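The values are calculated or read from the model by the stated rules, or taken from the named source; none is laboratory data. These numbers come from a predicted model, not from an experiment. Here Cβ is always computed from backbone atoms with ideal geometry, including for glycine, and neighbour counts include all displayed protein chains. For the accessible areas, the whole protein counts, side chains as well, though only heavy atoms, and no ligand, DNA or RNA atoms are used. Shrake-Rupley method; radii C 1.70, N 1.55, O 1.52, S 1.80 Å.
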Amino acid sequence: MAEVLVLVDHVEGKVRKTTAELLTIARRLGEPSAVFVGAGFDAAKDSLAKYGAEKIYHVEGDVLDYLVVPQAELLAQLVASTSPAAVLVPSSPEGKEIAARLAVKTESGLITDAVDVQAGEGGGVATTQSVFAGGYTVSATVTKGTPIITVKPNSATPEEVSGAAVDEVVDFTVSDNAKGAKIASSKPKEVSGRPELSEAAIVVSGGRGTAGDFSKVEEFADSLGAAVGASRAAVDAGWYPHASQVGQTGKQVSPQLYVACGISGAIQHRAGMQTSKTIIAVNKDNEAPIFELVDFGVVGDLFAVLPQATEAINAAKG
Amino acid sequence: MNIVVCVKYVPDAQAERTFDSSDNTTDRANVDGLLSELDEYAVEEALKIVEAGEGEVTVLTVGPASAADAIKKSLQMGAHRGVHVDDDAIHGSDAIATSLVLAEAIKKIGAETPVDLVMTGMASTDGAMGVVPTMLAERLGLPAVTLASELEVDGGSATIRRDGDTSTQSITATLPALVSVTDQINEPRYPSFKGIMAAKKKPVEHWSLADLGVDASQVGLDAAWTRVEAFTARPPRSQGEIVNDEGDGGQKLAAFLGEHKFV
């Protein structure tokens with residue numbers, strides 16, 4: 001069976017959930033081979049084995065200093081040496097850049113932001129994407145080269161299957177051409193202790209209706225173990241960091257539950273959350289377009305509704 | 001500083017966007033279009049750089065005749081000249097082919113005056129893959145610094161600030177380079193009356209694939225490396241229960257969450 005390359009997304013060896021999802025998808029298409037770049041290999045190895053990685057290609061050294069180009073070069077080298085059935089990459093900004101460069105380098109078709117990936121009927125890979133702000137579902141295939149697919153978080157339920165995780169150190173040198181862009185400095189963000197927005201099962205977002213006070217939104221989110229998001233209006237006003245923006249120009253999330261608090265629901269916002277399984281809105285304005293989408297809505301002041309709900313939820317949890 | 005800004009003419013996101021069922025491509029004929037909102041940020045940033053120093057901003061688009069509107073708007077904002085690549089063979093091109101046409105057009109522009117900076121928005125608002133900028137950089141052999149929330153161009157380098165999930169990074173690339181910008185970077189200007197009048201006299205070149213030395217077999221739907229097999233409209237979400245808060249809205253919300261096992 002052909003290998004399927006999965007680019008591992010990790011922070012210092014702590015493997016993110018998206019990678020477990022990608023390994024699970026890879027198993028549908030062939031034999032999962034993880035590709036690990038950076039520090040923390042020993043820590044990552046066990047979790048990669050747990051989700052079925054049969055092989056782990058790994059490279060250490062200065063690869064990550066030069067942004068994405070070296071990773072694209074590494075994957076191109078592995079595509080040439082292993083002729084994989086597909087290459088799966090997380091649909092993060094970095095992942096998409098790596099995939100874009102890899103597609104040009106290997107003359108292969110690229111599909112981005114897949115929400116489902118299956119083996120094609122006549123071989124190949126069949127993908128599902130959600131487009132036009134979630135208004136359409138598109139099924140597509142790659143017709144040239146090695147299918148390169150970027151996959152959105154929450155596109156599969158990770159399955160624990162023990163893999164051999166055979167360690168293969170790759171002989172790889174970063175080309176001079178790849179060194180044109182470099183990370184000059186990096187300032188870590190404060191850790192909120194909440195789940196990561198794009199991976200979270202529940203997302204609670206605040207908008208203009210918070211008037212800049214996210215405390216009730218955060219307390220409600222914490223009662224549900226949810227990630228906190230924000231509308232563009234809230235981000236533009238400086239009330240919440242840009243990395244938390246949900247919408248066309250921020251994160252596109254697809255959680256089990258999305259709660260929009262004080263968000264009117266413009267098309268740009270809907271583009272980032274419309275595919276959520278269950279949608280709830282709390283808004284003072286009963287004409288807000290967000291109510292057209294909801295499974296449950298409360299017309300009311302979020303500063304009254306959210307604390308009451310938070311209290312009830314915390315009481316129910318005991 | 002000579003800057004080329006790549007812009008796209010897209011169906012208006014406020015309109016009913018759909019597909020052409022004859023070939024599964026985006027329907028561009030029956031939906032009003034406009035300059036992609038996210039490209040305005042790139043045009044604005046390029047203008048700011050040139051206004052602070054010297055040089056020219058060329059806006060480049062690939063698209064059908066109607067795409068001239070995207071160039072017109074950019075010229076009205078203040079860009080100096082436009083290049084419109086229009087060829088029937090291009091219809092249905094995927095990101096790979098689009099990046100090829102853009103790359104060849106930029107090489108042709110650069111043959112007259114070397115290009116220091118290629119700028120783009122973060123993604124189009126229709127296809128929204130967000131991969132053309134990087135593909136273009138790959139084809140041109142340029143370093144790319146993407147998703148800039150701040151940009152500083154200084155002598156031989158471009159430095160951006162990028163807001164990531166876990167960190168805020170400062171990234172530097174040597175020029176020539178490609179920079180894509182987010183909607184956080186600036187507030188695009190509205191064309192002034194003077195700008196609108198001046199735009200009428202600005203030069204716009206029209207190039208075909210032959211002008212770029214690109215063979216028609218390399219572009220278009222048949223040359224695409226991916227194929228859309230089917231599209232289906234997502235069933236409209238049916239509105240669920242809406243309650244008015246009469247002092248118990250929070251209780252009802254908590255009850256709904258409990259019933260649906262979210263608590």
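If R0 equals 45 Å, the separation of the Cβ atoms of B:D23 and A:A315 corresponds to a calculated FRET efficiency of about 0.20. From the Kirkwood radius over Cα pairs of segment B:43-101, Stokes-Einstein at 37 °C and 0.692 mPa s returns a whole-number translational diffusion coefficient of 262 µm²/s. Taking all protein chains together, B:K201, A:K45, B:K107 sort by accessible area into B:K201, B:K107, A:K45, largest first [probe 1.4 Å].
Charges were assigned to the Cβ only: +1 to each Lys and Arg, -1 to each Asp and Glu. The resulting dipole of chain B about its Cα centre is roughly 400 debye.
Once the Cβ-Cβ distance of B:A230 and A:A119 is raised to the sixth power relative to R0 = 22 Å, the FRET efficiency obtained is 0.80.
Averaged over peptide A:258-269, the number of partner chain Cβ atoms lying within 10 Å of each residue's Cβ comes to 1.
Can you give the Rg to Rh ratio for segment B:194-263, taking only C-alpha atoms and Rh from Kirkwood?
That ratio equals 1.42.
Here the accessible area of the protein assembly as shown is 48 percent carbon and sulfur, with a 1.4 angstrom probe and all protein chains present. Taking square-rooted eigenvalues a ≥ b ≥ c of the alpha carbon gyration tensor, is segment A:195-273 rounded, prolate or oblate, where a/c under 1.5 means rounded and, failing that, a/b exceeding b/c means prolate? In terms of gyration-tensor shape, oblate.
Per residue, how large is the accessible surface of chain B? Use a 1.4 angstrom probe and give square angstrom.
On the way: 11630 Å² over 263 residues.
Per residue, chain B has 44 Å² of solvent-accessible surface.
Each of B:T113 and A:V161 was given a label point 7 Å from its Cα along the Cα-to-Cβ line. The distance between the two points is 5.8 nm.
Which shape class, rounded, prolate or oblate, goes with segment B:2-223 when its Cα gyration tensor gives a ≥ b ≥ c as root eigenvalues, a/c under 1.5 marks rounded, and past that a/b bigger than b/c marks prolate?
On the way: a/c = 1.35, a/b = 1.29, b/c = 1.04.
Rounded, because the longest to shortest axis ratio a/c is under 1.5.
A convex hull fitted to the Cα coordinates of the protein assembly as shown yields 153 cubic angstrom per residue.
When the surface is traced with a 1.4 Å probe over the full set of protein chains, B:M197 keeps roughly 80 Å² accessible.
The mean count of C-beta atoms from other chains within 10 Å of the C-beta of residues in A:304-314, rounded to a whole number, is 6. Using a simple spin-label model with pseudo-atoms 7 Å out from Cα toward Cβ, A:S185 and B:S208 lie 5.4 nm apart. Counting Cβ atoms of other protein chains within 10 Å of each Cβ in A:243-254 and taking the mean gives 3. Calculation over all alpha carbon pairs of segment A:3-180 in 5 angstrom steps from 0 returns a P(r) of 2, 9, 19, 23, 22, 15, 7, 3, 1, 0 percent. Each listed q (0.07, 0.08, 0.16 Å⁻¹) maps to a log10 I(q)/I(0) for chain A from the Debye sum over equal C-alpha point scatterers, namely -0.31, -0.40, -1.26. The distance from the alpha carbon centre of segment A:252-313 to that of segment B:191-227 is 42 Å, rounded to a whole number. Of A:G247, A:G229, A:T278, which is farthest on the positive side of the dipole of segment A:197-317, counting Cα position, with +1 on Lys and Arg Cβ, -1 on Asp and Glu Cβ, and the Cα centre as origin? About the Cα centre, the residue reaching furthest to the positive side is A:G247.
Give the A-B buried accessible area in Å², both sides summed, 1.4 Å probe, nearest 100. Write out the running numbers ahead of the final one.
Numbers: alone 15270 and 15080 Å², together 23560 Å².
Heavy-atom accessible area buried at this interface is about 6800 Å².
In deg cm²/dmol, rounded to 500, what helix-only [θ] at 222 nm does chain A give when every DSSP H run of at least 4 residues adds -39500 (n - 2.57) and the total is split over its residues?
-8000 deg cm²/dmol
Helix B:68-77: angle to the longest alpha-carbon principal axis of chain B, degrees 0 to 90, nearest 10? Compared with the principal axis, the helix lies near 80 degrees. Once the Cα atoms are used to define both axes, helix B:249-259 deviates from the longest principal axis of chain B by about 90 degrees. In chain A, the longest principal axis of the Cα atoms and the axis of helix A:17-29 are about 50 degrees apart. Run through all the Cα pairs of segment A:1-95 and give the fraction in each 10 Å bin from 0, expressed as whole percent. Once binned at 10 Å, the Cα pair distances of segment A:1-95 give 18, 55, 27, 1.
A simple spin-label model places pseudo-atoms 7 Å from Cα toward Cβ; at A:K277 and B:D165 they are separated by 2.0 nm.
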